[in-house]
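The values are calculated or read from the model by the stated rules, or taken from the named source; none is laboratory data. All figures in this text were calculated on a predicted structure; none of them were measured in a lab. Counting neighbours? That spans all protein chains shown, and the Cβs are built from the backbone with ideal geometry, glycine included.
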Amino acid sequence: MPAPGLRLDRLTLAEFRNYRSLAWRPRGHVVTLSGPNGSGKTNLLEAISLLVPGRGLRGARIGELARRGAGAPGTWAVAARLATPEGPCDVGTGTPPDGATERRAFRLDGAVPRSQAEVAARVAVVWLTPQMDRLFQEGAAGRRRFLDRLVYALEPAHARDVAAHDTAMASRNRLLGAGGADPAWLAALEDVMARHAVAVTAARMALAARLSAALACGAAAPFPAARIALRCPIAAALAAGPALATEAALRAELRANRARDAAAGNAASGAHRADMALTDAVSGEEAGRASTGQQKALLIGVVLGHAALLAEARGFAPLLLLDEPTVHLDPARRAALFAALLRLPAQSFLTSADREVLLALRGQAQAWRVNDASIAADSEADGADA
């Protein structure tokens with residue numbers, strides 16, 4: 001099996017979710033976590049997902065991450081030692097020194113990073129959760145966040161453009177809602193929105209094209225190759241003409257729609273209106289019309305293909321967090337998933353409440369049992385060559 005260029009060697013938790021404290025040293029290329037529901041398996045994956053900027057695999061608010069109950073201090077911390085292509089790397093995150101619970105602080109090799117993008121340049125994490133099984137039955141926001149995470153892993157600066165766009169939009173919304181705003185100030189905010197909306201959309205389009213091409217070449221075989229597209233007026237404009245013209249058109253549209261946006265309380269145009277379309281490249285069937293099992297297979301294919309693409313582009317694959325990935329998969333596709341994870345140059349973490357399912361990886365993965373916020377090696381299911 002390939003040696004991953006990025007590997008989690010140690011994870012330390014303090015007052016995080018249901019863990020009072022934990023020091024865990026996973027060492028496998030593929031790591032499995034089994035145990036009853038509510039034992040803390042997903043909490044471990046969530047802790048790993050917080051090693052990169054963002055709200056983690058649950059999308060939780062910062063104040064929700066601290067352990068609750070008698071004696072809980074209300075603060076929390078997650079720290080990790082990682083092996084990277086550039087050498088060992090220590091990443092920590094949690095409640096900042098001033099104790100504020102609405103935001104979190106980062107440490108990179110013991111120092112405050114200049115920006116969160118500096119952390120993202122060293123570490124990448126991608127995940128698949130049971131909640132994402134509903135990705136194509138719910139609104140566009142979830143699909144957009146999923147696509148942005150894929151972009152962010154490849155282009156860490158993408159998060160800055162998304163944040164700048166959303167911050168300018170929020171300021172514009174407030175000014176329009178209050179009434180009587182200075183037109184020059186609104187124009188300045190609309191200029192920021194337009195510039196960053198075009199940058200965000202271009203990055204999304206580039207990722208969709210690169211990943212679709214990789215999947216078409218079998219990057220996730222035997223999982224179905226998906227074709228990814230961006231449904232967005234800005235994307236259509238960029239496909240038809242230059243970026244500067246698209247920016248100018250968007251600025252004009254925002255200016256013309258101020259009254260309508262003031263009444264609605266939000267901008268009708270911008271990067272926040274995009275949607276991701278996922279289609280089976282062979283059958284042409286859209287994911288939204290496919291069965292639950294087919295949707296899961298398409299999403300797994302996207303995640304596996306993205307890991308391969310990232311390994312080629314950045315020199316290391318992301319940490320893969322797969323929470324209950326075998327749900328909705330038939331035995332053949334479960335076997336295909338396990339085989340693909342063993343081939344990929346990525347360290348993978350899988351959970352399941354059904355230990356028997358994970359025993360298919362006996363001798364090939366490092367196995368752990370989780371129970372009531374404690375973790376122990378599962379020697380019966382483990383493998384010496386993991």
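Miscellaneous remarks
Table: residues versus (1) closer than 24 Å to Glu155 by Cα; (2) touching a helix residue (DSSP H, G or I) at 6+ places or on another chain (Cβ under 9 Å); (3) charged (D, E, K, R).
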| residue | (1), (2), (3) |
| --- | --- |
| Leu50 | yes, no, no |
| Gly54 | yes, yes, no |
| Gly59 | yes, yes, no |
| Leu65 | no, yes, no |
| Ala70 | no, no, no |
| Thr75 | no, no, no |
| Arg81 | yes, no, yes |
| Glu86 | yes, no, yes |
| Val91 | yes, yes, no |
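- Selection within segment 137-166 - closer than 17 Å to Leu254 by Cβ and either without any contact (Cβ under 8 Å) to a residue 24 or more places away in the chain or of a type in the set (A, V, I, L, M, F, W, C) (or both): Ala164
- Residue match in segment 15-32 (condition: more than 20 Å from Ser374 (Cβ to Cβ), at pLDDT 90 or above and of a type outside the set (Ser, Thr, Tyr)): yes
Matching residues to (1) of a type in the set (Ser, Thr, Tyr); (2) surrounded by 20 or more Cβ atoms within 10 Å (Cβ to Cβ); (3) on the phi > 0 side of the Ramachandran plot:
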site	(1), (2), (3)
Leu11	no, yes, no
Gly35	no, yes, yes
Ser49	yes, yes, no
Arg55	no, no, no
Gly63	no, no, no
Gly71	no, no, yes
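Here's the yes/no breakdown for (1) of a type in the set (Lys, Arg); (2) more than 18 Å from the chain's Cα centre (by Cα); (3) in a loop (DSSP other than H, G, I, E, B):
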position: Gly74; (1), (2), (3): no, yes, yes
position: Arg81; (1), (2), (3): yes, yes, no
position: Thr93; (1), (2), (3): no, no, no
position: Pro96; (1), (2), (3): no, yes, yes
position: Gly99; (1), (2), (3): no, yes, yes
position: Glu118; (1), (2), (3): no, no, no
position: Asp133; (1), (2), (3): no, no, no
position: Gln137; (1), (2), (3): no, yes, yes
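The rows are residues; the columns are (1) surrounded by 21 or more Cβ atoms within 10 Å (Cβ to Cβ); (2) under 17 Å from the mean Cα position of the chain (by Cα).
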{"site": "Arg255", "(1), (2)": "no, no"}
{"site": "Arg258", "(1), (2)": "no, no"}
{"site": "Leu299", "(1), (2)": "yes, yes"}
{"site": "Arg314", "(1), (2)": "no, yes"}
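- Any chance Arg103 is at pLDDT below 95, of a type in the set (Lys, Arg) and either over 30 Å from Gln295 (Cβ atoms) or touching a helix residue (DSSP H, G or I) at 6+ places or on another chain (Cβ under 9 Å) (or both): yes
- Looking at segment 278-372, the helices (runs of 4 or more DSSP H) lying wholly inside it that each contain 3 or more residues that are touching a residue at least 40 places away in the same chain (Cβ under 8 Å) sit at 292-314, 331-343.
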